[in-house]
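The values are calculated or read from the model by the stated rules, or taken from the named source; none is laboratory data. Just so it is clear, the model here is predicted, and its values are computed rather than measured. Cβ coordinates were reconstructed from backbone atoms using ideal geometry, including for glycine residues, and neighbour counts include every protein chain displayed.
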Amino acid sequence: MPQTYVVSDWHLHHHNILKFCPNRRELFDGVEEMNAGLVEAAVNTVSPGDTLYFLGDLTFRIGTRKDEVLEALRPLADKLGAFHWIVGNHDEPTRMPQVAALFDSVVDAVQFRIGGRQVYLSHYPLEVAPRDRLRLASIHGHHHGTVDSPPGRVDVSIDALYGDREHFDPDYAGAPITLETALDLAGLDLRAPYPGSGKAIT
């Protein structure tokens, strides 16, 4: 049966991300290896017919690298049944229309229901009141593991997931995770794996 996956904050072609997110230096020897490794991990994780929601910050001030991003993402888009881009603060889909065309949708947020639970997918976290934590799950990126994920929400940026890997996969190396796993993590009270290290990603 097809699966649904989520992930965020690849920051393709962003050299400074290796400085701001030192965990990436444990996984990749430079930005080119990071670019290839993240896309390859996604291609190797999903199966034909699966759905992937990318929750923002695909690239960073992409400039002249649009064609490279297009060619890198094409095998992933071709394999998936549905590919959705939820726009982050560093994304510029209007400047890369051919890349945006690989996606089935390019939107700010998505909300749907699974059983009795509302699931809200966005780049930024939604504050979930304690009384709503069993009814609403905010799945997001943006913070790169620098803020806590109390019950009701979870950061699925690759950096936060790498920092939290003891909760779901000790061998995690940057791949998307299933929506089911994200919902399980949203039920936990996760401390920020990199507290106090959050700076503006520039």
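Applying the criterion of being crowded, with 20+ Cβ neighbours inside 10 Å and among the β-branched types (Val, Ile, Thr) to the residues of region 40-61, the residue that is nearest to TRP85 (Cα to Cα) is THR59. Does TRP85 fit the bill of being crowded, with 19+ Cβ neighbours inside 10 Å, touching a residue at least 24 places away in the same chain (Cβ under 8 Å), in contact with a helix residue (DSSP H, G or I) (Cβ under 6 Å, 6 or more places away or on another chain) and within 25 Å of ARG153 (Cβ to Cβ)? No: the conditions fail for TRP85.
For region 150-195, residues that are assigned to a loop (DSSP other than H, G, I, E, B), over 18 Å from PRO125 (Cβ atoms) and out of contact with any Leu (no Cβ under 7 Å at 6 or more places or on another chain) total 4. When region 37-71 is limited to residues that are modelled with pLDDT of 95 or more and small (Gly, Ala, Ser), the one that is nearest to ALA160 (Cα to Cα) turns out to be GLY56.
ASP91 - would you say it is in a helix (DSSP H, G or I) and in contact (Cβ under 8 Å) with a residue 24 or more places away in the chain?
On the way: in a helix (DSSP H, G or I): no; in contact (Cβ under 8 Å) with a residue 24 or more places away in the chain: yes.
So ASP91 fails the test.
Across region 96-125, the number of residues qualifying as buried (at least 18 other Cβ atoms within 10 Å of the Cβ) and in a loop (DSSP other than H, G, I, E, B) comes to 5.
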